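Engineer: Sharing a structure below in structure tokens format, with a few things to ask.
The values are calculated or read from the model by the stated rules, or taken from the named source; none is laboratory data. This structure is a prediction, so every number in the text was calculated from the model and none was measured. Don't worry about glycine lacking a Cβ; one is built from the backbone with ideal geometry, like all the others, and counts go over all protein chains shown.
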Protein chains: 2
Amino acid sequence: MPEWRKDPILDRWVVIATERGKRPTDFKLPPEEKKGGECPLCQGHEWQTPPEVLSFREQDSPRNKPGWWVRVVPNKFPALRIEGRAGERCLGLQRVMDGVGAHEVVVETTDHNRPLEEQNEHQIREVIRAWRDRTLDLRRDKRFRYIQIFKNHGGPAGASLDHPHSQIMSLPMVPGVIREKLQRLAGHARATGQCLVCGMISQELQEQNRVVDANDSFLALAPFASRVPFETWIIPREHQPDFGQIREDQVAGLASLTRAVIGKIELALGSAPYNLMINTSPVNGDQEDQKHFHWHLEILPRLTTAAGFELGTGFYINPTPPEMAAHDLRETAVVFDGRQASKNEEVGKYV
Amino acid sequence: MPEWRKDPILDRWVVIATERGKRPTDFKLPPEEKKGGECPLCQGHEWQTPPEVLSFREQDSPRNKPGWWVRVVPNKFPALRIEGRAGERCLGLQRVMDGVGAHEVVVETTDHNRPLEEQNEHQIREVIRAWRDRTLDLRRDKRFRYIQIFKNHGGPAGASLDHPHSQIMSLPMVPGVIREKLQRLAGHARATGQCLVCGMISQELQEQNRVVDANDSFLALAPFASRVPFETWIIPREHQPDFGQIREDQVAGLASLTRAVIGKIELALGSAPYNLMINTSPVNGDQEDQKHFHWHLEILPRLTTAAGFELGTGFYINPTPPEMAAHDLRETAVVFDGRQASKNEEVGKYV
């Protein structure tokens, strides 16, 4: 019997095919062709991008020259522009606004061919610090109400460049899905005195069957109402509304778990395209409200095609039960730096 | 300058790239390989599907045998099942429900290789009548609250069979996007005494620049906040909440305009994959509320990839302004049955 499952926060239902769940080998992924040609994100090509807004680089190396290991630049073809006014105007019944916003590219490494999960942990920490530093800087512009950090890996996930990179966009409005989530989390907290996500973490650690991996500061799990096969969320175990608040000890924990989870997904599925998004509190809004958010990082492998049903309803049909996905990912042992990371047994000590 | 545009009803924003808009020739569509093999939807293979729930067929021809021209069967691999209870159960903080629902396939023709827009108008009318008759029958089951009619054309749009077909799913809950739309339409109607969609139709007919085509009963337009290039909506010109209420004279108008619009899209873009969805009132709910809906049909060509930004925010980046898309589709003259249909000049008489 298939099952309808509801996201614990949003009014978003998913059909889970519980009977004949699709395993990793059921998803045929043709090998992706490399795009070739000159790469504007490679070292030595700094002049091919707009001037950098942040870089972690060798002391005394000049900006916009080699010597960096993480570099953030405005998108050369930005969807949004910094100039303009954030106010809505009416055109009859229609609403319109200048296309204000920031659109930046985080170059995650100088190594064109080494994906994020194959970087060493120090490098991944630096990428996370770049995300954090940019989100803290961008919100100083009070026109912006939400900052979306995301990564598209592989052509079917929308990546137009092979070089490992992520993107940051700041928006002059709060996306509906984030506002709805904040409303429901704030409502739950006011009614019960507790955070719904914190409660969910306790329940998941107790039930264990959807836990993918864990460490002292973060939990990786296949969410109960997973939209797509092998969807995985990485959630801070303590209540923290805003990704921008991440501390140095948490940066290390997030780097280690992100590397392990993406490593497991790529190994189990054989180089899967995926989207990674950070789901976090709005900025420049009501602090009393925003403190009820609980940020997390979402990884959605792109193995299925959202079609008329998904576009029409906003609901999803997922052929892989998250319990099965979590089991398969737990059993996938990734080896980093010569040692096996996140063995199944190690997860046990956190649950 | 790019532009933020808001859907007139939903809180859904879209970034429209107004500067360097992408024209049809900018979308490179590789020719799609046919899937080959035995087709379970072809005439003579009726035994390969579950028994039909509706067919339009030659008088005295036996059910589940040849002699039909439109045939509706339950999906052989349904995402949902008719059996079960529609009530929510709690699993700690999680909500779950039996996977109840109907999932049917509308076989649109016996001709495996002739897509919908190449059928004659009588055949397309019969497809629309099959949609209508099934939605009226399915709602008799009071467990169902929404019926989603949709069509996936082409592999990139999620079609798994080449044979022209559409699908119908009935759901035990109202999708969030439909509930939000109904709330806003009902709120607007109570505040102003008018339907927001009816008002939008007047405005679009006056401004003309987003009108793709029109006839006495329907208007085809590129919506102001189009999510994807060449998105086109077909809207009944009179206020009609529910697709199930469509009259015979409207069936003819919808058939003619649907054929013209899909014909234009396929001709302009060179055989584009697309999703088609009917967006309509919930069923078995509050009649006083539901009467404020205004149903329409949406066609979304699949030329771009929804990626981390879209998945994270629910907003879209559209590289083709709808005014440009509407212009290009108006200029695309489709020839049916030896005569040119929906010439640009003919649209003029409706605006």
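Engineer: Out of the residues in the stretch A:270-327 that are touching a Pro at 6+ places or on another chain (Cβ under 6 Å) and hydroxyl-bearing (S, T, Y), state the one that is nearest to A:R237 (Cα to Cα).
Structural biologist: Among those residues, the one meeting the criterion is A:S281.
Results for (1) surrounded by fewer than 19 Cβ atoms within 10 Å (Cβ to Cβ); (2) touching an Asp or Glu at 6+ places or on another chain (Cβ under 9 Å); (3) without any contact (Cβ under 8 Å) to a residue 12 or more places away in the chain, shown as yes or no for each residue.
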{"site": "A:R23", "(1), (2), (3)": "yes, yes, no"}
{"site": "A:K28", "(1), (2), (3)": "yes, no, yes"}
{"site": "A:G37", "(1), (2), (3)": "yes, no, yes"}
{"site": "A:G44", "(1), (2), (3)": "yes, no, no"}
{"site": "A:V106", "(1), (2), (3)": "no, no, no"}
{"site": "A:P115", "(1), (2), (3)": "yes, yes, no"}
{"site": "A:T135", "(1), (2), (3)": "no, yes, no"}
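Engineer: Condition first: within 14 Å of chain B (Cβ to nearest Cβ) and polar (S, T, N, Q). Now tell me which residues in the stretch A:1-60 satisfy that.
Structural biologist: Matches in the stretch A:1-60: A:T18 only.
Engineer: Same structure, new question: Take the stretch B:46-78 and flag every residue that is surrounded by fewer than 13 Cβ atoms within 10 Å (Cβ to Cβ), within 24 Å of the chain's Cα centre (by Cα) and in contact (Cβ under 8 Å) with a residue 12 or more places away in the chain.
Structural biologist: Listed by number, the list holds a single entry, B:K76.
Engineer: Only one of B:Q183, B:Q240, B:Q208 is out of contact with any Pro (no Cβ under 7 Å at 6 or more places or on another chain) and at positive phi. Can you tell me which? Write out each step before concluding.
Structural biologist: On the way: B:Q183 fails: at positive phi; B:Q240 fails: at positive phi.
Going through B:Q183, B:Q240, B:Q208 in turn, just one is out of contact with any Pro (no Cβ under 7 Å at 6 or more places or on another chain) and at positive phi: B:Q208.
Engineer: Which is within 28 Å of B:T18 (Cβ to Cβ) and either in a loop (DSSP other than H, G, I, E, B) or aliphatic (A, V, I, L, M) (or both), of B:V261, B:V251? Don't jump to the end; show me each part of the working.
Structural biologist: Values: B:V251 fails: within 28 Å of B:T18 (Cβ to Cβ).
On inspection, the qualifying residue turns out to be B:V261.
Engineer: State all residues of the stretch B:174-194 that are within 11 Å of another protein chain (Cβ to nearest Cβ) and in contact with a helix residue (DSSP H, G or I) (Cβ under 9 Å, 6 or more places away or on another chain); if no residue qualifies, say none.
Structural biologist: Within the stretch B:174-194, B:V174, B:P175, B:G176, B:V177, B:I178, B:E180, B:H188, B:T192, B:Q194 meet the criteria.
Engineer: Hey, another quick one. I need the full set of residues from the stretch A:109-151 which are within 14 Å of chain B (Cβ to nearest Cβ) and farther than 22 Å from A:D242 by Cα, in order please.
Structural biologist: A:L116
Engineer: Can I ask one more? Got a number for residues in the stretch A:137-158 being under 30 Å from A:L29 (Cα atoms) and either crowded, with 23+ Cβ neighbours inside 10 Å or touching a Leu at 6+ places or on another chain (Cβ under 7 Å) (or both)?
Structural biologist: Let us first name the residues in the stretch A:137-158 that are under 30 Å from A:L29 (Cα atoms), namely A:148-158.
Okay, now just the ones that are also either crowded, with 23+ Cβ neighbours inside 10 Å or touching a Leu at 6+ places or on another chain (Cβ under 7 Å) (or both), so A:148-153.
Counting residues in the stretch A:137-158 that are under 30 Å from A:L29 (Cα atoms) and either crowded, with 23+ Cβ neighbours inside 10 Å or touching a Leu at 6+ places or on another chain (Cβ under 7 Å) (or both) gives 6.
Engineer: Cβ-Cβ distance below 8 Å, separation of 6 or more or different chains: which pairs start in the stretch B:239-257 with a residue that is under 19 Å from B:V211 (Cβ atoms) and of a type in the set (G, A, S) and end on one that is at pLDDT 95 or above and not in a helix (DSSP H, G or I)?
Structural biologist: B:G253/B:N215; B:G253/B:D216; B:G253/B:S217; B:G253/B:F218; B:S256/B:N215
Engineer: Is the stretch B:317-330 home to any residue that is within 18 Å of the chain's Cα centre (by Cα) and in a strand (DSSP E or B)?
Structural biologist: no
Engineer: If you don't mind, there's one more thing I want to ask. From B:H292, B:H296, which residue is in contact with a strand residue (DSSP E or B) (Cβ under 9 Å, 6 or more places away or on another chain) and either at pLDDT 95 or above or surrounded by fewer than 20 Cβ atoms within 10 Å (Cβ to Cβ) (or both)? If you could, list the steps in order and put the result at the bottom.
Structural biologist: On the way: B:H292 fails: in contact with a strand residue (DSSP E or B) (Cβ under 9 Å, 6 or more places away or on another chain).
Of the residues listed, the single one that is in contact with a strand residue (DSSP E or B) (Cβ under 9 Å, 6 or more places away or on another chain) and either at pLDDT 95 or above or surrounded by fewer than 20 Cβ atoms within 10 Å (Cβ to Cβ) (or both) is B:H296.
Engineer: Of all residues in the stretch B:151-182, how many are over 26 Å from B:D98 (Cβ atoms) and either among the aliphatic types (A, V, I, L, M) or not in a strand (DSSP E or B) (or both)?
Structural biologist: Number of matching residues: 10.
Engineer: Take the conditions closer than 30 Å to B:P2 by Cβ and in a strand (DSSP E or B) and apply them to A:V14. Does it pass? Working first, answer last.
Structural biologist: On the way: closer than 30 Å to B:P2 by Cβ: no; in a strand (DSSP E or B): yes.
In short, no.
Engineer: Taking A:H296, is it within 14 Å of another protein chain (Cβ to nearest Cβ) and more than 30 Å from B:E231 (Cα to Cα)? Full working, then the answer.
Structural biologist: Numbers: within 14 Å of another protein chain (Cβ to nearest Cβ): yes; more than 30 Å from B:E231 (Cα to Cα): yes.
Against the criterion (within 14 Å of another protein chain (Cβ to nearest Cβ) and more than 30 Å from B:E231 (Cα to Cα)), A:H296 qualifies.
Engineer: Applying the selection to the stretch A:191-238, what residues are within 28 Å of A:Y146 (Cα to Cα) and without any contact (Cβ under 8 Å) to a residue 12 or more places away in the chain?
Structural biologist: Scanning the stretch A:191-238 gives A:A191, A:T192, A:G193, A:Q194, A:G199.
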